[in-house]
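Notes for the one structure printed next.
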Amino acid sequence: MSSSERATTTAARTRETPRTQAWATRLVVVGIVLSALNLRPAITSLGALLQEVRDGLGMSGSVAGLLTSVPPLCFAVFGVTAPRLARRFGPAAVVCAGMAAITAGLLIRPYAASTAGFLAASALALMGIAVSNVLMPVIVKRWFPDRVGSMTGLYSMAVALGTSLAAAVTVPMTDALGGGWQSGLAVWAGLAAAAVLPWLPLVRRRGAGPGPERTAGEQPRHTAVREAGEQRPQPPLRITRSRTAWALAVFFGLQATAAYITMGWMAQIFRDAGVPAGTAGVLLAVTMVMGVPLAFVIPRVATRLPHQGPISLVLGACGLAGYAGLYFAPAAGAWAWAVLLGVSNCAFPLALTMVGMRARTGPGVVQLSAFAQSTGYLISIPGPLLVGVLYQHSGGWGLPIALMAALMLPQMAVGFLAGRDRVVEDEAATR
């Protein structure tokens with residue numbers, strides 16, 4: 001090849017790079033949205049059909065409580081492995097595998113012949129959700145470092161949309177498919193399969209970061225230099241030395257406790273109060289759909305404030321009002337309580353936003369995301385199980401609702417602490 005031909009080829013490649021980069025960025029956005037849509041239907045579709053699943057598998061209230069505790073357990077156990085897997089295979093490959101695991105788990109679990117099989121298949125799906133939960137803030141930080149608030153809002157809004165969609169349509173869709181709860185649960189595997197597709201072309205771009213397309217073993221020179229300059233002087237943080245990291249982890253755990261109690265039990269609370277099953281599912285959907293607009297607004301507001309603690313207090317106050325309504329008049333004011341609890345559940349996008357804000361560097365976000373989510377989900381494990389035990393042994397919802405309201409108070413306190421304008425790198429280095 002002559003020098004003029006080589007120059008022409010080089011110029012063509014240079015011209016193609018911006019187009020390739022724009023295409024990859026759009027693909028990442030599609031992948032984030034589709035993945036986020038799949039991070040909760042495995043849970044809320046089960047909540048809508050919990051009574052039917054209990055009857056079909058012969059579960060007691062305590063075992064059903066254990067079932068609602070499986071999500072945070074899996075998120076804690078498998079979420080902690082996400083940073084190591086991402087370093088080895090790249091975030092895109094891990095998220096792609098996570099979506100495949102969700103697909104397989106959702107296909108298998110409705111047709112398991114026993115409670116143990118149902119739990120095992122659920123764990124497979126939840127494993128995929130766990131690693132994706134941890135890596136989504138990382139991918140947002142790497143691809144959109146100047147748009148963390150808006151992209152976190154888009155991701156959180158998609159999570160809320162998928163959550164509410166599964167809660168609203170699972171019961172009517174089950175009826176349309178012949179009334180079998182197995183079909184009503186299995187149909188959500190189709191949405192998970194669709195989420196695999198956008199990540200496949202990105203698997204070659206190891207690291208799931210912006211830059212010219214590269215294979216798993218290649219990096220563009222400018223990216224390698226930048227990452228080496230960023231990471232060499234910064235060994236892994238001793239994240240447990242940061243008070244902000246602990247406050248954020250506890251906040252994440254308490255909001256997850258409230259969320260999984262809501263997703264697993266709220267439809268049952270309304271049904272026991274005399275609300276029809278279909279309406280109870282719609283009420284749960286109303287709670288979840290509140291997160292669609294608010295999950296987009298809250299991160300954008302949070303990134304503009306020096307202290308995010310006041311947002312935590314407002315969300316907590318809405319939760320306390322909603323629990324009071326469930327206690328005193330669950331059926332009479334059902335729609336109002338659903339709305340208030342939906343606002344309260346928007347502590348989740350606030351927590352994700354603070355993960356991106358409380359660390360200065362990309363590696364810091366990885367560590368903080370894994371620590372806050374894994375520790376937080378460990379904290380949240382006993383809540384749904386304890387609600388099931390209290391419900392079965394007390395014969396009503398008074399004690400469980402009182403427990404939910406009591407847990408909201410420390411959530412507000414640690415959320416206020418986690419919202420302070422600090423970064424974990426400084427605290428881990430100085431303490």
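What follows is calculated from the coordinates using simple rules that are stated; it is not laboratory data. Bear in mind that the values here come from a model prediction, so they are computed numbers and not experimental data. Cβ placement follows ideal geometry from the backbone for every residue including glycine, while neighbour counts extend to all protein chains displayed.
Size of the dipole of the stretch 54-143 about the Cα centre, Lys and Arg at +1 and Asp and Glu at -1 on the beta carbon, nothing else charged, in debye to 20?
Values: 7 positive and 1 negative charges, 89 e Å.
About 420 debye.
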**Asked** Once both axes come from the Cα atoms, what is the angle between helix 362-380 and the longest principal axis of the chain, in degrees from 0 to 90, rounded to 10?
**Response** 10 degrees
**Request:** For the chain, calculate the relative contact order in percent as a whole number, restricting contacts to Cα pairs under 8 Å that are 6 or more residues apart.
**Result:** 26 percent
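How much FRET efficiency would the formula 1/(1 + (r/R0)^6) give for residue 321 and residue 183, where r is the Cβ-Cβ distance and R0 is 30 Å, rounded to 0.05? All intermediate terms of the calculation are to be shown ahead of the outcome.
Working: r = 38 Å, r/R0 = 1.25.
Calculated value: 0.20.
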**Complete:** Counting only backbone N atoms under 14 Å from a point 7 Å out along Cα-to-Cβ of residue 100, the residues of the stretch 186-203 in range are 193-203
**Crossing angle, helix 115-143 versus the chain [Cα axis fit, 0-90 degrees, rounded to tens]** = 40 degrees
**Dipole magnitude (debye, nearest 20) for the chain, charges at Cβ of Lys, Arg, Asp, Glu** = 1540 debye
**Fill in**
Taking a crude spin-label model, label points 7 Å out from Cα along the C-beta direction, the residue 87 to residue 305 distance in nm is 3.5 nm
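Assuming 0.36 nm per residue, please report the length gained on full extension of the stretch residue 120 to residue 331 beyond their Cα-Cα distance.
Once the chain is fully extended between residue 120 and residue 331, it gains 72.5 nm.
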**Prompt:** For residue 150 and residue 402, what is the calculated FRET efficiency with R₀ set at 25 Å and r taken between the beta-carbons, to the nearest 0.05?
**Reply:** 0.05
**Fill in**
So the angle from the long Cα axis of helix 61-79 to the longest Cα principal axis of the chain, reported in degrees to the nearest 10, equals 10 degrees
**Prompt:** Helix-derived [θ] at 222 nm for the chain: sum -39500 (n - 2.57) over DSSP H runs of at least 4, divide by residue count, nearest 500?
**Reply:** -26000 deg cm²/dmol
